[in-house]
Amino acid sequence: MVNSRNTEIISQITSVSREIGQAAVQVDRSRDDITLVAVSKTFPIEIITPALQIGHRVFGENRVQEASGKWPQLRREFSEVKLHLIGPLQTNKTAVAVSLFDCIETLDRPKLAKAIAGELKKQQKSLELFIQVNTGSEPQKAGVLVEDLPDFLSYCQNELQLPITGLMCIPPVSEDPEGHFSLLAKLADTHNLPKLSMGMSSDFPLAIKCGATHVRVGTAIFGQR
Ligand SMILES: *Cc1c(COP(=O)(O)O)cnc(C)c1O
């Protein structure tokens, strides 16, 4: 099944991956330390398939309902897919999210933490969890405030025994992201969290220089939404 749209997606994912490697080398990091989360939100199965066919396995979706309409079918066709939830999670969708995703990057409040802990036990499942930090203190944006992170992290780890491995942020659109990336890296370091999800199509090389272990790239791979 070769057509020009498929060829384009394959060439774009290959070039994003190469750029990740180049950014890593510039700061003496290894390409293998950085995971490309290909953000497939809004795109149908036919557009996602070429990326899977060339062996890409890590994808990001921002809506539980949309993801549950696409990925069970794709997973029957392709093994070892890793799915990251990168959008806000409503507590009433926790059960579906826990069963569908391998990593939830947007944990940001005690009620959700508690619901996830309950579901992990119920479903006997393990998954990776990142806390989303609202580094720009934007009122409309999800994520814990920087000053609330220590208490929230302690609640998740000590009270709920949740496997928190990293932090995630989405910098304010109107600001230079570098300060936000550096801040998130510093917070992760302070709290001994090894994973850092930051950087999107427009700024992933910069995020890698600041320490990103996961970059979430949509448009540069699949095109405009
Ligand atoms: C959509 C989205 C992305 C991808 O953005 P692009 O600019 O298309 O690369 C990354 N992170 C989050 C949280 C998103 O919602």
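Any read-out appearing in this document is the output of simple, stated calculations on the displayed coordinates, not a laboratory observation. Worth saying up front: this structure is predicted, and the values here are computed from it rather than measured. FYI the Cβ positions are ideal-geometry reconstructions off the backbone, even for glycines, and counts take in every protein chain you see.
Some points to look at:
- Of the residues making up segment 51-66, those that are more than 17 Å from S79 (Cβ to Cβ) and buried (at least 18 other Cβ atoms within 10 Å of the Cβ) number 4.
- Members of segment 74-89 that are exposed (fewer than 15 other Cβ atoms within 10 Å of the Cβ) and either assigned to a helix (DSSP H, G or I) or free of Cβ contacts under 8 Å to residues at least 12 places away in the same chain (or both): R75, R76, E77, S79
- Restricted to segment 30-50, and to residues there that are surrounded by 14 or more Cβ atoms within 10 Å (Cβ to Cβ) and closer than 23 Å to P194 by Cβ, the residue that is farthest from the ligand (Cβ to nearest atom) is R31.
- Filtered residues of segment 176-194 (kept if within 17 Å of F152 (Cα to Cα) and surrounded by 20 or more Cβ atoms within 10 Å (Cβ to Cβ)): L184, L187, A188
- In segment 12-34, the residues that are of a type in the set (A, V, I, L, M) and in contact (Cβ under 8 Å) with a residue 12 or more places away in the chain: I13, V16, I20, A23, A24, V27, I34
- Residue-level check: of (1) in contact with a helix residue (DSSP H, G or I) (Cβ under 6 Å, 6 or more places away or on another chain); (2) within 16 Å of the ligand (Cβ to nearest atom); (3) closer than 26 Å to K209 by Cβ, K70 misses just (3).
- Qualifying helices (runs of 4 or more DSSP H) (wholly inside segment 164-225; at least 1 residues being touching a strand residue (DSSP E or B) at 6+ places or on another chain (Cβ under 7 Å) and within 12 Å of the ligand (Cβ to nearest atom)): 204-209, 219-222
- Take the conditions (1) within 21 Å of R29 (Cα to Cα); (2) more than 16 Å from the ligand (Cβ to nearest atom); (3) under 18 Å from the mean Cα position of the chain (by Cα); S126 misses just one of them, which is (1).
- Of all the listed residues (V25, V16), the sole one being assigned to a helix (DSSP H, G or I), more than 16 Å from the ligand (Cβ to nearest atom) and closer than 19 Å to G199 by Cα is V25.
- Where a residue in segment 201-215 is over 11 Å from A24 (Cβ atoms) and its partner, wherever it lies, is more than 10 Å from the ligand (Cβ to nearest atom) and in a loop (DSSP other than H, G, I, E, B), with Cβ under 6 Å and at least six apart: D203/P177
- Taken over segment 113-137, the criterion of being part of a helix (DSSP H, G or I) and surrounded by fewer than 20 Cβ atoms within 10 Å (Cβ to Cβ) is satisfied by K114, A117, G118, E119, L120, K121, K122, Q123.
- Considering only residues in segment 74-102 that are under 10 Å from the mean Cα position of the chain (by Cα), closer than 17 Å to A142 by Cα and not β-branched (V, I, T), the one that is nearest to the ligand (Cβ to nearest atom) turns out to be G87.
- Segment 138-172, subset free of Cβ contacts under 8 Å to residues at least 12 places away in the same chain and exposed (fewer than 12 other Cβ atoms within 10 Å of the Cβ), residue nearest to the chain's Cα centre (by Cα): Q140
- Within the span defined as segment 90-101, one or more residues are within 18 Å of S197 (Cα to Cα) and out of contact with any Pro (no Cβ under 8 Å at 6 or more places or on another chain).
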